[in-house]
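Participant: A single structure is presented below for examination.
The values are calculated or read from the model by the stated rules, or taken from the named source; none is laboratory data. Model, not experiment: these values are computed from the prediction. Cβ placement follows ideal geometry from the backbone for every residue including glycine, while neighbour counts extend to all protein chains displayed.
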Amino acid sequence: MDHVGEPRAQAGAGEDCGFDRQVRTPLLLHIGYHKTASTWLQSNLFDARDQGFMTDPATPRHALVEALVRPDPLFYDPAAAAAAYRPASDLALAQGRTLVLSHERLSGYPSSGGRDRQLIAERLAATFPEARILIVIREQKAVIRSMYSQHVTDGGVESIEHFLVTPEPRLCRKPSFSLEYYCYDRMLDLYRGLFGAERVLVLPYELLARDPAAFSARIVRHCGGAPAPVGEAKRVNAARPLLMQAVQRPLNMLLYHNELSPGALLHIPRFHKRYARLRPLFAALSPRFLERRLDARLRNVIAAHVGDFYAESNARTQDLIDVDLAALGYTVEGRK
């Protein structure tokens, strides 16, 4: 069954790509979370004509942040933002497809504790009130481990211990990571309240690895389409060696003046992109025993810090989306 809305009627014979123009949802907002196979979805589903989706051919993905996230709240104009995407939306409607606007930043940013996620949600509702929503969640300890690595890749300098704990004096002069960011039930409540429960689909990332066809089919049906075959759920962005990340942290502090590391002694523009070219070298030279040791330490620190913090939230999320999260490795209150 579809846990957040029943499948729509399928198209009759002769319709473009097998979709009924009258029931196909014209717009899907995929908001993340970060590190939940967004790149795979964008490459294998949202750009696949046979799935009935399309992305804006005239606008790069990063423009979504420029248009929907960055504007000052006192200057944001929902009508102007909607107008910018109207040509692509009209094209999708004419072809009986669903336009997908997909960017993880629409769910906030973990390193800042997602402080603007409610503002963004309200902005999306004011701009695209008829859209459907896709949220992909992931077991919290695993996603924090992955996101911390991304934090370093993006220019962060903190150790895992400092990343997890809000610095003194805790006056929130500058937002930092917060465990509350991954209380998924709160995000689900927010989007259901803004768009309606039937318009919000939440899927666990872990289901993609188990059955990419079923995972993708849920998204297609959520938008009123008939699913087509998809490729294997292969990792698109391979994890970097942890030694590479350990070396990057002090280099960020010295050479990369950015939002996550202001005040570097020197500044090499796009340092993180240049440093990324060294990945094959680190992959070849980093000893496996060292990688295992670094990984075990990282996971142990995160597990000790998180504890059972998410158990109650996960139990409620499990009930809301009707998926057995405990069976997928999530800590759920009342389940061992």
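Participant: Conditions first: (1) surrounded by 19 or more Cβ atoms within 10 Å (Cβ to Cβ); (2) within 18 Å of the chain's Cα centre (by Cα). ARG70 passes all but one, so which condition is the exception?
Facilitator: Just one mismatch for ARG70, condition (1).
Participant: Here's a follow-up. Taking the stated definitions as given, is GLN150 under 21 Å from PRO280 (Cα atoms) and either free of Cβ contacts under 8 Å to residues at least 12 places away in the same chain or polar (S, T, N, Q) (or both)?
Facilitator: yes
Participant: So which residues in segment 56-97 are under 23 Å from LEU190 (Cα atoms) and touching a strand residue (DSSP E or B) at 6+ places or on another chain (Cβ under 7 Å)?
Facilitator: LEU64
Participant: Taking the criterion of being outside any loop (DSSP other than H, G, I, E, B), over 15 Å from the mean Cα position of the chain (by Cα), buried (at least 16 other Cβ atoms within 10 Å of the Cβ) and at pLDDT below 95, would at least one residue in segment 21-34 satisfy it?
Facilitator: For segment 21-34, residues outside any loop (DSSP other than H, G, I, E, B), over 15 Å from the mean Cα position of the chain (by Cα), buried (at least 16 other Cβ atoms within 10 Å of the Cβ) and at pLDDT below 95: absent.
Participant: Considering only segment 130-140, I want to know if a residue exists there that is part of a helix (DSSP H, G or I) and either over 20 Å from the mean Cα position of the chain (by Cα) or surrounded by 15 or more Cβ atoms within 10 Å (Cβ to Cβ) (or both).
Facilitator: Taking every residue of segment 130-140 in turn, at least one turns out to be part of a helix (DSSP H, G or I) and either over 20 Å from the mean Cα position of the chain (by Cα) or surrounded by 15 or more Cβ atoms within 10 Å (Cβ to Cβ) (or both).
Participant: State yes or no: is LEU124 within 18 Å of ARG199 (Cα to Cα) and buried (at least 19 other Cβ atoms within 10 Å of the Cβ)?
Facilitator: So LEU124 fits the description; yes.
Participant: When the residues of segment 50-63 are filtered to those that are touching a residue at least 24 places away in the same chain (Cβ under 8 Å) and touching an Asp or Glu at 6+ places or on another chain (Cβ under 9 Å), which remaining residue is farthest from THR25 (Cα to Cα)?
Facilitator: The extreme case among them is THR55.
Participant: Out of curiosity, is ARG115 touching a residue at least 60 places away in the same chain (Cβ under 8 Å), closer than 23 Å to ASN258 by Cα, out of contact with any helix residue (DSSP H, G or I) (no Cβ under 6 Å at 6 or more places or on another chain) and not in a helix (DSSP H, G or I)?
Facilitator: In short, yes.
Participant: Sticking with this structure for a sec: Residues being part of a helix (DSSP H, G or I) and surrounded by fewer than 17 Cβ atoms within 10 Å (Cβ to Cβ): count how many of those fall in segment 191-221.
Facilitator: If we filter segment 191-221 for residues that are part of a helix (DSSP H, G or I), which is where we start, we get 191-195, 197-199, 205-210, 212-221.
Keeping just the survivors that are surrounded by fewer than 17 Cβ atoms within 10 Å (Cβ to Cβ) gives 193, 197-198, 207, 209-210, 213-214.
Summing the residues that are part of a helix (DSSP H, G or I) and surrounded by fewer than 17 Cβ atoms within 10 Å (Cβ to Cβ) in segment 191-221 gives 8.
Participant: Test ASN252 against the stated conditions and say whether it is farther than 30 Å from ALA197 by Cα, free of Cβ contacts under 8 Å to residues at least 24 places away in the same chain and in a helix (DSSP H, G or I). Steps first, answer last, please.
Facilitator: Working: farther than 30 Å from ALA197 by Cα: yes; free of Cβ contacts under 8 Å to residues at least 24 places away in the same chain: no; in a helix (DSSP H, G or I): yes.
So ASN252 does not fit the description; no.
Participant: Next up: Is it the case that segment 324-335 has a residue that's assigned to a helix (DSSP H, G or I), of a type in the set (D, E, K, R) and either free of Cβ contacts under 8 Å to residues at least 60 places away in the same chain or surrounded by 18 or more Cβ atoms within 10 Å (Cβ to Cβ) (or both)?
Facilitator: Of all residues in segment 324-335, those assigned to a helix (DSSP H, G or I) come to 326-328.
Now drop any that are not of a type in the set (D, E, K, R), which leaves none.
There is no residue in segment 324-335 that is assigned to a helix (DSSP H, G or I), of a type in the set (D, E, K, R) and either free of Cβ contacts under 8 Å to residues at least 60 places away in the same chain or surrounded by 18 or more Cβ atoms within 10 Å (Cβ to Cβ) (or both).
Participant: Assess whether ARG186 counts as being more than 22 Å from SER313 (Cβ to Cβ), basic (Lys, Arg) and part of a helix (DSSP H, G or I).
Facilitator: Details: more than 22 Å from SER313 (Cβ to Cβ): no; basic (Lys, Arg): yes; part of a helix (DSSP H, G or I): yes.
No; evaluated as a whole, the condition is false for this residue.
Participant: Same structure again: With respect to ARG316, determine if the residue is within 16 Å of ASP185 (Cβ to Cβ), among the basic types (Lys, Arg), surrounded by 13 or more Cβ atoms within 10 Å (Cβ to Cβ) and touching a residue at least 12 places away in the same chain (Cβ under 8 Å).
Facilitator: Values: within 16 Å of ASP185 (Cβ to Cβ): yes; among the basic types (Lys, Arg): yes; surrounded by 13 or more Cβ atoms within 10 Å (Cβ to Cβ): yes; touching a residue at least 12 places away in the same chain (Cβ under 8 Å): yes.
Yes.
Participant: Tell me whether segment 161-174 contains one or more residues that are among the hydrophobic types (A, V, I, L, M, F, W, C), modelled with pLDDT of 95 or more and crowded, with 17+ Cβ neighbours inside 10 Å.
Facilitator: Scanning segment 161-174 turns up at least one residue that is among the hydrophobic types (A, V, I, L, M, F, W, C), modelled with pLDDT of 95 or more and crowded, with 17+ Cβ neighbours inside 10 Å.
Participant: If you take the residues in segment 259-308 that are surrounded by 16 or more Cβ atoms within 10 Å (Cβ to Cβ) and part of a loop (DSSP other than H, G, I, E, B), which one is modelled with the highest pLDDT?
Facilitator: Out of the qualifying residues, it is SER286.
Participant: Are there any pairs with C-beta distances below 9 angstrom linking a residue in segment 19-33 that is of a type in the set (Ser, Thr, Tyr) to a residue that is assigned to a loop (DSSP other than H, G, I, E, B) and at pLDDT below 85, with the two at least 6 apart or on different chains, and if so which?
Facilitator: THR25/ARG8
Participant: Something else: Which of (1) under 15 Å from the mean Cα position of the chain (by Cα); (2) crowded, with 19+ Cβ neighbours inside 10 Å; (3) at negative phi is the odd one out, the single condition ASN44 does not satisfy?
Facilitator: (1)
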